[in-house]
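Right, one structure below, let's go through it.
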Amino acid sequence: MNNIIRTGIIGFGLSGRVFHAPFIDVVDGFELTKISTTNPQNIEMIRKRYPATEIVAGAEEIINDSQIDLVIVTSPNTVHFKWAKEALLAGKHVVIEKPFTNTTQEADELIELSKKQRRILTAYHNRRFVSDTKTVKKIISSGLLGDVVDYETHFDRYRPEPRPEGYWRERPLPGSGIFYDLGSHLIDQALHFFGLPLAVTAHIASQRPWAEADDSFDVKLHYPSFTATLKSSMLAKIPGPTFQIHGTKGSFVKYGLDVQEENLNRGMIPDTPDWGKEPEKIWGKLVTEFQGVKMESIVESENGDYREYFYNLRDTILGKARLAVTPEEARNVIRIIELAFQSNLEKRTIDVVL
């Protein structure tokens, strides 16, 4: 392989359109070679935005192309495992949109196969590269909060009506529902900050009367000295705090989401110097004490930048870096999801056994 990583994207829904294609297009070292879709609107959009990219009808036309180096799987969760396995067997590096797989058994099989094939395998846990995650990581590491005694994070939305017919995330399918969708983000963030918990207690439900898949959750990850609470609802007119963290020396509270997704949805290209910069109105508030001095301040958010994920992916494929999001980490997220569903079903706290 030369230094250009020829890339094929399987699927062109929100994930392929917003979270992958724009970055493969602008990050040096990648070539957006092929996209598979049969949606007429998507085809028109690709032709307009990426005129040099070949549009194909099926995933096999990407996987079986000997010129493709990297396959990005953004198809529905039901076929993540299928396409990732076929791509690895074909000798491709593979990125799987989160959730990584639907089961840890599938994750373990893919990890072993990637090692056998000597190919990079990773999940797109892009919320490690957003403004609030980067800011919280920095604050926790700084010691300004002291020892964390309570952690709470929300990913709330308000969507009382069903999506158009055929929207697979709201159907009772493997990997559907809000917990696989948004829960995987919140779990990965918690594991990124604190490592694996000792136990899990979960309440996962459907609040909307027509819902066929879960649309809310309240999950507790139990650590030795504190509990991390992960919450989401599709009926939150006023979203809860993105992060609310209390420590022995101080507290940090932040509302509002990273701006990248909104900007990408509006068609912005991720190539400006201030890409991912949050407006001051959603910066977080820090109250702490340092050497006897009490302080209360607004903390400027770090710039979010999904490009960092792709820089690392490129450099890892080229043998110049270590993978930022390992498949083992992605697999542990799926394991926590499984244990949370078990906890909800059995109405008890479940010890974390990997």
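Observations
- Taking all Cα pairs closer than 8 Å and separated by 6 or more residues, the relative contact order of the stretch 181-270 comes to 17 percent.
- Here the contact order of the stretch 170-214, divided by its residue count and restricted to Cα pairs under 8 Å and six or more residues apart, works out to 58 percent.
- Proximal aspartates and glutamates to K115, defined as alpha-carbon separation beneath 19 angstrom and excluding residues fewer than eight positions away on the same chain: D69, E86, E106, D315, E328, E329
- Whole-angstrom gap from the stretch 294-349 to the stretch 198-236, using each part's C-alpha centre: 18
- Segment E212-W168, length gained on full extension (0.36 nm per residue, minus Cα span): 14.8 nm
- Calculated P(r) of the stretch 1-102 - Cα pairs past 17 Å, %: 45
- Convex hull per residue volume in Å³, alpha carbons only, for the stretch 112-227: 162
- D by Stokes-Einstein for the stretch 199-354, Kirkwood Rh over Cα pairs, 4 °C, 1.567 mPa s: 68 µm²/s.
- Among 73-84, 20-31, 154-165, sorting by the average number of other beta carbon atoms lying within 10 angstrom of each residue, highest first, gives 73-84, 20-31, 154-165.
- Distance from the stretch 258-279 to the stretch 134-188 (C-alpha centre basis), Å: 20
- With the Kirkwood sum run over all distinct C-alpha pairs, the stretch 79-167 has a hydrodynamic radius of 16.4 Å.
- Cα Rg, Dmax (largest Cα-Cα span) when computed across the chain, Å: 20.4, 65
- For the stretch 253-354, the number of Lys pairs with C-alpha atoms closer than 16 Å, counting only pairs eight or more positions apart or on separate chains, is 4.
- Packing around the peptides 300-309, 92-101, taken as the average count of other Cβ atoms within 10 Å per residue, puts them in this order, highest first: 92-101, 300-309.
- Residues whose amide H lies under 5 Å from that of K249, counting only those 5 or more places away or on a different chain, are G146, D147; hydrogens are built 1.01 Å from N in the peptide plane.
- Relative contact order, percent, the chain [alpha-carbon distance under 8 Å, six or more residues apart]: 19
Only the coordinates and a few stated rules stand behind these numbers; no lab work does. Please read all numbers here as calculations on a predicted model, not as lab measurements. In this analysis, Cβ positions are derived from the backbone assuming ideal geometry, glycine residues included, and neighbour counts consider all displayed protein chains.
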